[in-house]
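J.: Structure provided below as structure tokens; questions to follow.
Derivation of every value follows stated rules applied to the coordinates shown; laboratory data play no part. Everything numeric here is computed off the predicted structure, so don't read it as measured data. Positions of Cβ are generated from backbone atoms using ideal geometry, with glycine treated the same way; all protein chains shown enter the neighbour counts.
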Amino acid sequence: MFEVREMQDGTIYTVNHAQRHCDCGHFQVERLPCRHVLTCFANQHLDWQVYVHDVYKMSEICKVYR
């Protein structure tokens, strides 16, 4: 679990990458890492691409057109 503080207003968001959860809600809904998740991953040297849902991957998009 990580906490990320917004520079603009000081809001703190909790990120749990194991559960694919961020308090902002974007990570769960869009299934793409939000800016809070990306910040946390950059700090911990984690690969953010692992957390992108398959539906967004080019291999899956190509299957749609086959």
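J.: Take the residues in the stretch 23-44 that are touching a helix residue (DSSP H, G or I) at 6+ places or on another chain (Cβ under 9 Å) and of a type in the set (A, V, I, L, M); name whichever of them is farthest from GLU3 (Cα to Cα).
T.: LEU32
J.: Let me ask something additional. Is at least one residue of the stretch 50-63 part of a strand (DSSP E or B), basic (Lys, Arg), free of Cβ contacts under 8 Å to residues at least 12 places away in the same chain and surrounded by 10 or more Cβ atoms within 10 Å (Cβ to Cβ)?
T.: Taking the stretch 50-63 first, the residues part of a strand (DSSP E or B) are none.
The answer is no; no qualifying residue exists.
J.: Here's something else I'd like to know. Which residue is nearest to VAL52 (Cα to Cα), if the candidates are limited to the stretch 1-32 and must be loosely packed, with under 14 Cβ neighbours inside 10 Å and of a type in the set (D, E, K, R)?
T.: GLU30
J.: So, one more: Looking only at the stretch 27-65, filter to residues that are closer than 13 Å to ASN16 by Cα and hydroxyl-bearing (Ser, Thr, Tyr); which one of those is nearest to the chain's Cα centre (by Cα)?
T.: The extreme case among them is TYR51.
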